[in-house]
1. Hey, what do the phi angles of the range 178-191 turn into as Karplus ³J(HN,Hα) couplings, whole Hz, using 6.51/-1.76/1.60 and θ = phi - 60°, x for Gly and Pro?
2. Provide the convex hull volume over Cα atoms per residue for the range 265-315, in Å³.
3. So how much slack lies between Ser224 and His396, counting 0.36 nm per residue of separation and subtracting their Cα-Cα distance, in nm?
4. Go ahead and set up a Gaussian network model of the chain, Cα springs under 10 Å, then flag whichever of Leu301, Leu324, Leu192 fluctuates most.
5. Would you grab the residues whose amide H sits under 5 Å from the one on Met143? Only those 5+ places off in sequence or on another chain, please, with H modelled 1.01 Å from N.
6. So what J values fall out for the range 135-145 if you push phi through Karplus, 6.51 cos²θ - 1.76 cosθ + 1.60 with θ = phi - 60°, rounded to Hz, Gly and Pro as x?
7. Putting +1 on Lys and Arg Cβ atoms and -1 on Asp and Glu Cβ atoms, find which of Ala89, Gly328, Leu64 reaches farthest to the positive end of the dipole of the chain.
8. Return the aspartates and glutamates within reach of Lys39: Cα separation strictly under 17 angstrom, same-chain partners fewer than 8 residues apart disregarded; answer none if there are no such residues.
Amino acid sequence: MQSIASLLNELTGNRSLIQATLSQVRVNDPQGCSKVTVKPVELKGQLHYQFSSFCGSKVLHDNLLPEEAAERMNGLLTDTFRQALLQAAEADYQVLISKKGKAGILKKPPTKKLPGQHAHNRKKNYVLEEGTPIPFLVELGIMNSEGKVLAKKYDKFRQINRFVEMIADVVPHLAKDRTLHIVDFGCGKSYLTFALYHYLKEVQGLDIRVIGLDLKEDVIRHCSQLAEKFGYDRLEFLIGDIAQYQGLDRVDMVVTLHACDTATDAALEKAIRWQADVILSVPCCQHELFRQLESDVMEPLLQHGILKERFSALATDAIRAKLLDIMGYKTQLLEFIDMEHTPKNVLIRAVKGKQPTAAERAALFAGYAEFRRFLNAKPYLERALEPELRPLLEAHSM
């Protein structure tokens, strides 16, 4: 008879595993987990298997490469669970472990098929799964009470999951031994604020305090009512302006989504001064550079308003990213959501890294200074950071 280990290696190795469910605890798990499900997910263009461990009221997630996933499942069946259902493209495999530890494998016709999909072209699996009711998604009208995503809200569901994927990627850069302070500037209706809280607090089990800040009193009142309804006692919504906020001395993560024009820069300045470990920013309209741009060489582009507007937005984000690099962050510009759904689809993700040496910082600033000089730019963020940048500015005075 084929061994469990070889079966798991085969199913993960040839990408035919659709879902695995491990249950019936035979040895008490230290984390108190009663069930583990495993599904394939694509992360950064590579196949992984997402483990969802149901431990009391929490669901813990891990993403493993195929070989690691097979080893983990085999270990769980050896040490913790007495049965598993392995659902693959070609068959279902029922695995049963006797009280004496002997294993039996029963092969049956497949019951789980993905309509219109082959094993190598599967429906995308999301971090927040469809089919499992999530209170805030139900309340916000994205899911129904059975966990089905409403057709007209599927783009929003995809956007929320894309955001949560990005949150998952930066979790390793967050402290685990203390309360994490997170601020969402310009939170608006807070779809993504609730998603961030749900994932970090309810799924990852982190000790967090989240503050959502916005200028609209009615929006803040509504979000506060929802947070209370969901029992999110570490999530607070406040009325306030980004540039004027003084509520905390230290913040671990700063989020700013679709803050208009230089409001994004004000949030980035706050994050830098707090020495936040993680910054996630999706800029919105960007007018400052549009008004400043002057270049005879670029006249064929700048004479067209639509091209000038788009170029100004891209150049502004390039300036922001380079200034973050100069201040000691590892910065990436990522696609947040497909361009067909919104033109505001660039996310700036910055993670606090090793501080550059004086020579490295000078080299970074030299390239930045040449770029902004060519554009005739006088960026808000540079002006806001002038005390920290003064020696570099003096060396590259315009």
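The values are calculated or read from the model by the stated rules, or taken from the named source; none is laboratory data. Here the structure is a predicted model, which means the values were calculated and not measured. Here the Cβ positions follow ideal geometry from the backbone for every residue, glycine too, while neighbour counts run over all protein chains shown. Surface accessibility is based on the protein's heavy atoms, side chains included, excluding ligands, DNA and RNA. Shrake-Rupley method; radii C 1.70, N 1.55, O 1.52, S 1.80 Å.
1. Running phi through 6.51 cos²θ - 1.76 cosθ + 1.60 with θ = phi - 60° gives 7, 5, 9, 9, 10, 10, 10, 7, x, 5, x, 6, 6, 3 Hz.
2. On the way: hull volume 4.7 nm³, N = 51.
Hull volume normalised by residue count: 93 Å³.
3. Extra length available between Ser224 and His396 comes to 57.2 nm.
4. Its mean-square fluctuation being the largest, the pick is Leu301.
5. Val138, Leu150
6. Working through the residues one at a time gives x, 5, 6, 5, 5, 7, x, 9, 10, 8, 5 Hz.
7. The residue sitting farthest along the positive end of the dipole is Ala89.
8. Result set, ordered by chain and number: Glu10, Asp62, Glu67, Glu68, Glu71, Glu90, Asp92, Glu129, Glu130, Glu165.
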